[in-house]
Amino acid sequence: TYQALCIDGRINAEGTKDLKQITIKDCVQFVVDNINSAQLENVILVAHSGSGCLLELIADRIKDKVKGLIFISANIPPQGKRTIDVLPFFLKWMNYFFIKLAPGGFHLSSKQREKMIRRYFCNCCSGEIIEFVLKHPEKIEPPAVATEKIYRPELKNLPKIFIKLSKDNTATL
C-alpha cells in the first residue's frame, strides 16, 4: 500500500507569521516537518508550478527518505535566479504587481480573477472544474517563493521526472 500526504505550502494557515516574513527556508522547513510528523519513509516528492523551486531543497534536507522527485509544469529557475525571473513577461509583471499591492489589501475584482483563472490556470479544463476552482478562495503565496534567489543542491543520484502540461499557459519548465 501507498500513502499520500498533501502539504499546502502556504504555511500561514495558523496565522503564525506575516506572509512577507516567510522565507524559502521557512517553506522548506514546513514541508520537512510535515513529512517527519507523518513518519513517512520512501518518499517521492511531487511539485507543481511555483513549488518546483522548493523540491530539491526539501529533498536535500531528508535525503535518507527521498526516492525520487516529480516536477509537474514546475518553475525551476537557473541556479542563483528567482522563480519570477523565468516567467513570461506578462506573468512576471503581474506577479510583481501583486507582490507589491496584495499585502496592502489590493485584490482583483471577481471578474478579473475569473478571467485570469480561465486564461492561465484552467485554460484546458472542463466548465465543471473551472467552476470548482472559482468557488474556492484565493490563497496568497509568500512573496519569497517568487522573489528569493534559489541555490539548489546537486542531487546527482536522485531520479527526477519532469512533466510539462502541453496546454499550460504559465509553465516555464
| remark: At R0 = 35 Å the Cβ-Cβ FRET efficiency linking Asn157 and Cys6, nearest 0.05, sits at 0.85
| field | With 10 Å bins from 0: P(r) over the stretch 112-162, alpha-carbon pairs, percent | value | 19, 29, 28, 23, 2
| remark: Pairs over 30 Å Cα to Cα, from Lys25/Lys156; Lys67/Lys100; Lys20/Lys115; Lys67/Lys92, come to Lys67/Lys100; Lys67/Lys92
| query | By per-residue mean of other Cβ atoms within 10 Å, what is the highest-first order of 32-41, 68-77, 151-160? | reply | 68-77, 32-41, 151-160
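Where a number appears in this text, it was derived from the coordinates with a stated rule and is not lab data. Since we're looking at a predicted model, the values are computed, not measured. Every residue, glycine as well, gets a Cβ built from its backbone with ideal geometry; the counts of neighbours run over all protein chains shown.
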